[in-house]
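Let me begin by presenting the structure, written as structure tokens, before commenting on it.
The values are calculated or read from the model by the stated rules, or taken from the named source; none is laboratory data. From a predicted model like this one, the values you see are computed outputs, not experimental measurements. As a convention, Cβ positions derive from the backbone with ideal geometry for all residues, glycine included, and neighbour counts pool all protein chains shown. Surface accessibility is based on the protein's heavy atoms, side chains included, excluding ligands, DNA and RNA. Shrake-Rupley method; radii C 1.70, N 1.55, O 1.52, S 1.80 Å.
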Amino acid sequence: MRMRRKHNLDERLEAVRHLIIERTIEDLNMKTSVSQKDYINFKEVFGNDNPVHLEIGCGKGRFIAGLARFRPDVNFIAIEMLSNVIVEACERIDKEGLKNVRFMILRAECLPSYFPPHSVSKIYINFPTPLPQKGYEKQRLTNKKFLEIYKDILAMGGEIYHKTDNRGMFEYTVCELSQNGFALKNLTLDLHNSDCKDNIMTEHEYKYTEMDMPIYKLEAYLPERNK
């Protein structure tokens, strides 16, 4: 079902424009646009040299807001494909007055156009759409196509954090990471009954937890970069 356009979307976006890093590459063909580069100057954007963390698919922003409060020493960039979705996350950050978060309306395929190589310390992929239908595998955010992108932008010692409520998606992600050079750690099949500390919940996570559904979580890294 197509999402209904939010009321006064243009006006709401304009009110939080200071939080949005604008796309500058006009080519809408992802196959050709990725060859163009207009790297973000993180120091210019945030005014400091703090490490950069990236959330892919921020939803309404509960998770990124919690992270930003918990880690004021980190700069966060959150991306979403649709302005209709990202506007609520921007409004949340603006209302809370958090200074260490910026947003981009961007598909994950286009990350190499804006993120310099080895510039991101952590990538968060929370509750991505599982896309179990036949033929949709390459669109999953933990498919090897995307893992190659993440390898390119992850810094030395960089990590991927992944959470999902979908067992099939989790098993798929474990296999894809393992087969594409990543090592796994802190893997759990029931996050909220584990000894994991400092877990920050997303909107989806609150909903699934209330339904007593297990949350699957893992962390991944590139061993050769952690030596």
Margin query: Taking the condition of being open to solvent by less than 90 Å² (accessible area, probe 1.4 Å), farther than 24 Å from Ile77 by Cα and either touching a residue at least 40 places away in the same chain (Cβ under 8 Å) or small (Gly, Ala, Ser) (or both), how many residues in segment 133-168 meet it?
Written below: 3
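Okay, residues lined up against (1) in contact with a helix residue (DSSP H, G or I) (Cβ under 9 Å, 6 or more places away or on another chain); (2) aliphatic (A, V, I, L, M); (3) in a helix (DSSP H, G or I):
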{"site": "Ile40", "(1), (2), (3)": "yes, yes, no"}
{"site": "Lys43", "(1), (2), (3)": "no, no, yes"}
{"site": "Asn50", "(1), (2), (3)": "yes, no, no"}
{"site": "Leu54", "(1), (2), (3)": "yes, yes, no"}
{"site": "Gly59", "(1), (2), (3)": "yes, no, no"}
{"site": "Phe63", "(1), (2), (3)": "yes, no, yes"}
{"site": "Leu67", "(1), (2), (3)": "no, yes, yes"}
{"site": "Asp73", "(1), (2), (3)": "no, no, no"}
{"site": "Phe76", "(1), (2), (3)": "yes, no, no"}
Notebook entry, point to check: Quick one: in segment 1-21, which of the residues that are in a loop (DSSP other than H, G, I, E, B) and modelled with pLDDT of 95 or more is least open to solvent (accessible area, probe 1.4 Å)?
Noted result: Val16
Note to self: Just to be sure I understand the filter: pairs with C-beta atoms under 8 Å, separated by 6 or more residues or on different chains, first member in segment 82-98 and within 13 Å of Ile64 (Cα to Cα), second member charged (D, E, K, R) and at pLDDT 95 or above. Which pairs pass?
What the structure shows: Ile86/Glu80; Ala89/Glu80; Glu91/Arg12; Arg92/Arg62; Glu96/Arg69; Leu98/Arg69
Item checked: Residue match in segment 44-63 (condition: farther than 23 Å from Ile125 by Cβ, touching a residue at least 12 places away in the same chain (Cβ under 8 Å) and open to solvent by less than 80 Å² (accessible area, probe 1.4 Å)) -> yes
Check: Looking at (1) open to solvent by 70 Å² or more (accessible area, probe 1.4 Å); (2) part of a loop (DSSP other than H, G, I, E, B); (3) out of contact with any Lys or Arg (no Cβ under 8 Å at 6 or more places or on another chain), can you tell me which one Lys31 breaks?
Finding: (2)
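Quick grid of which residues meet (1) surrounded by 15 or more Cβ atoms within 10 Å (Cβ to Cβ); (2) basic (Lys, Arg); (3) part of a strand (DSSP E or B):
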residue: Leu131; (1), (2), (3): yes, no, no
residue: Phe170; (1), (2), (3): yes, no, no
residue: Cys175; (1), (2), (3): no, no, no
residue: Lys185; (1), (2), (3): no, yes, yes
residue: Lys197; (1), (2), (3): no, yes, no
